[in-house]
Every structure is written in C-alpha cells, then in structure tokens.
Amino acid sequence: PGKKVLIVYAHQEPKSFNGSLLKIAVEELSKQGCSVTVSDLYAMHFEPRATRNDIVGHLHNSEAFNYGVETWEAYKRGGLSKDLIEEQKKVQEADLLIFQFPLFWFNMPAILKGWMDRVLVQGFAYDLSKAYDGGLLQGKLSLFSFTTGGSKEKYAIRGDIRYLLWPMQHGIMHFCGVKVLEPHICYAPENVSEEKRKEMLTAWTQRLKTLWKEEPIDCSPDWYFK
Ligand code: FAD
Ligand code: ZN
C-alpha cells in the first residue's frame, strides 16, 4: 500500500493477451492501494530511435555526434527532450517497474528497447563507476512480464529461457542498480485452450497479491547459466 508502480507496456492491441495482463496488474495493484502509472508505448507513439532530436539546444560537440555523451551532457543541464524528462520522472518516482510485452526475436519489442536506450541515460540511471549494485536507480524493483509464441516444452528443449533474460535483467536493470524479481512468463497464449488462458490470467492476479513479499533474484551468472 502506498507503493508506486510504473508499468511500461508494449502491445498495440488492448484486447490482446498482453492487454489483459496489463489490465489485471492495474486493477490488482490499485486495489492494494498502490499508485499505478502506465506508459503505453504504442498509444503514446513513443519514439524508439536514439537521435539528435533527444537533445534540446546546443550540442556538446557538434563536429561529431556521440549519443551517449550528448544525452549525458544534456541530462546534466536539463536539456533532454520533454518525452524523456517525463519518462525519467515516472521512473524516479516508482518503487517497482513492470515491463509487459510479447517476446520478439528472443527479446523485447523495438519500441520497448528504444525506451531503455533513450530513458536510462548516463547521469540519470548510472554513471562512471556507479553501476550494478552501485547504479543510480538503487532501491527500486523490476519485473519482466512477457508472453511467448513458443510453448514451455519447446523452450525447455531449445535451452533455458533464462539465457534471454541476461541482457534485460542483468545488462539493463541490474546495471542501473535496480533489483530484479522473478520474471513472469505466459507461454503461447495463442495456442492454448481458453481455459488455460484464464488460468494464466488468474495466476498473474495471484502472484500480484503477494508480490511485495517476494525477494529479488540473485542476479548473477549462476541464475542465468547454471
Ligand atoms: P494475443 O494473440 O493477443 O492473445 C492470444 C489469445 O488470447 C487471443 O485469442 C486473445 O483473444 C486471447 N485473450 C486476450 N485476452 C483474453 C482474456 N482476458 N481471456 C481469455 N483470452 C484472452 N515468440 C517466441 O516465442 N519467440 C520469439 O522470438 C518470437 N519473436 C517474435 C517476433 C515478432 C516480430 C512477432 C510479431 C512475434 C514473435 N513471437 C515470438 C510471438 C509472440 O511472442 C506472440 O505472438 C505473443 O507473445 C502473443 O501474445 P499476444 O498478447 O500478442 O497474444
Ligand atoms: Zn545481475
């Protein structure tokens, strides 16, 4: 109760399974007394490209453009574009970040990757020697909630799905100092029975009920590759 949650949501269709998972999270967490903010990236027409347009006013070095350096400098002087400042404010205020998306090519959809690329700039999310446990977003939790096309059995044959989470959970969230809760994976909602779909939605509601009692994972190579 009183906790602040930011859900970054990447699906085009509200009637989708991802849309249903989002709706459940908003309802359940609100019911608990959390304040919930949603960044609905497609509905916002969120810009995924990391370009010159993200810097307002003069460039630090206009001879040769370096996105990392320019956004870092712009952040320090309050010169990032308005959409980025707004997302950073939402992140800053949040106790928990939930990412809700369908798996695209063993990864997050481009629009969500663009959110990571553009919002988590140096100086805001991490800094020189302030990374991993020392990252600037310490004290926050994150949770990757996603759906797949492939079945759980297929993923078990091909290899552990945890490998895919290394770049997202460790490379991004842990790097920024954010602790990681167990991912929530709904396998193949398109290819299971209506009954199974309802079961998966109920399981998400149930998990959210006790979410605040969960311990973060030990986000080290062992969790992913052992
Ligand atoms: P939907 O099709 O929206 O939902 C499935 C079904 O659930 C629908 O019939 C819908 O009506 C129904 N539903 C919605 N809400 C409810 C409700 N409340 N109760 C009951 N039923 C409901 N998959 C992989 O495994 N690996 C990949 O690498 C991968 N790469 C991809 C790359 C691209 C570019 C694309 C487009 C897809 C890829 N996929 C991959 C598949 C993708 O991950 C799945 O299509 C997606 O996760 C399915 O989720 P959805 O929300 O879009 O499902
Ligand atoms: Zn880690």
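The values are calculated or read from the model by the stated rules, or taken from the named source; none is laboratory data. Keep in mind it's a predicted model, so treat the numbers as computed, not measured. Cβ sites come from the backbone with ideal geometry, for glycine too, and all protein chains shown count toward neighbours. Just so you know, the surface numbers come from the protein's heavy atoms only, side chains and all, with ligands and any DNA or RNA stripped out. Shrake-Rupley method; radii C 1.70, N 1.55, O 1.52, S 1.80 Å.
Does I172 fit the bill of being among the β-branched types (V, I, T) and more than 11 Å from ligand 2 (Cβ to nearest atom)?
No.
What number of residues in the stretch 1-16 are in contact with a Cys (Cβ under 8 Å, 6 or more places away or on another chain) and open to solvent by 50 Å² or more (accessible area, probe 1.4 Å)? Please lay out each step first, then the result.
Of the residues in the stretch 1-16, the ones in contact with a Cys (Cβ under 8 Å, 6 or more places away or on another chain) are 1-5.
Within this subset, residues satisfying the condition of being open to solvent by 50 Å² or more (accessible area, probe 1.4 Å) are 1-4.
Of the residues in the stretch 1-16, 4 are in contact with a Cys (Cβ under 8 Å, 6 or more places away or on another chain) and open to solvent by 50 Å² or more (accessible area, probe 1.4 Å).
In the stretch 17-50, which residues are without any contact (Cβ under 8 Å) to a residue 24 or more places away in the chain and open to solvent by less than 60 Å² (accessible area, probe 1.4 Å)?
G19, V26, S30
Starting from residues that are touching a helix residue (DSSP H, G or I) at 6+ places or on another chain (Cβ under 8 Å) and in a helix (DSSP H, G or I), keep the ones in the stretch 170-199 and report whichever is surrounded by the fewest Cβ atoms within 10 Å (Cβ to Cβ).
Ranking the qualifying residues of the stretch 170-199, first place goes to R197.
Can you pull out every residue in the stretch 1-45 that is of a type in the set (A, V, I, L, M), over 15 Å from the mean Cα position of the chain (by Cα) and closer than 20 Å to H184 by Cα?
I24, V26, L29
Taking interchain pairs and intrachain pairs at least six residues apart, which have beta carbon atoms under 7 angstrom, with the first residue in the stretch 86-109 and on the phi > 0 side of the Ramachandran plot and the second within 16 Å of ligand 2 (Cβ to nearest atom) and open to solvent by less than 50 Å² (accessible area, probe 1.4 Å)?
Hits for this filter: F106/L164.
Sort through I98, I111, I85 and tell me the only one that's hydrophobic (A, V, I, L, M, F, W, C), under 21 Å from L6 (Cα atoms) and open to solvent by 40 Å² or more (accessible area, probe 1.4 Å).
Step by step, each of I98, I111, I85 is checked, and only I85 is hydrophobic (A, V, I, L, M, F, W, C), under 21 Å from L6 (Cα atoms) and open to solvent by 40 Å² or more (accessible area, probe 1.4 Å).
Can you find a residue in the stretch 153-169 that is touching an Asp or Glu at 6+ places or on another chain (Cβ under 9 Å) and either open to solvent by 30 Å² or more (accessible area, probe 1.4 Å) or part of a helix (DSSP H, G or I) (or both)? Don't jump to the end; show me each part of the working.
So in the stretch 153-169, the residues touching an Asp or Glu at 6+ places or on another chain (Cβ under 9 Å) come out as none.
No: zero hits.
Out of all the residues in the stretch 184-226, which are within 16 Å of ligand 2 (Cβ to nearest atom) and among the hydroxyl-bearing types (S, T, Y)? It would help to see each step written out before you state the result.
If we filter the stretch 184-226 for residues that are within 16 Å of ligand 2 (Cβ to nearest atom), which is where we start, we get 215-226.
S220, Y224 - these are the residues of the stretch 184-226 that are within 16 Å of ligand 2 (Cβ to nearest atom) and among the hydroxyl-bearing types (S, T, Y).
Being at pLDDT 95 or above, away from ligand 2 (no atom under 16 Å from the Cβ) and either surrounded by 16 or more Cβ atoms within 10 Å (Cβ to Cβ) or of a type in the set (D, E) (or both), is that true of even one residue in the stretch 132-144?
Scanning the stretch 132-144 turns up no residue that is at pLDDT 95 or above, away from ligand 2 (no atom under 16 Å from the Cβ) and either surrounded by 16 or more Cβ atoms within 10 Å (Cβ to Cβ) or of a type in the set (D, E) (or both).
Taking the conditions exactly as written (in contact (Cβ under 8 Å) with a residue 24 or more places away in the chain and within 13 Å of ligand 1 (Cβ to nearest atom)), does R197 satisfy them or not? Step through it out loud before you land on a result.
Values: in contact (Cβ under 8 Å) with a residue 24 or more places away in the chain: yes; within 13 Å of ligand 1 (Cβ to nearest atom): yes.
When the stated conditions are applied, R197 passes them.
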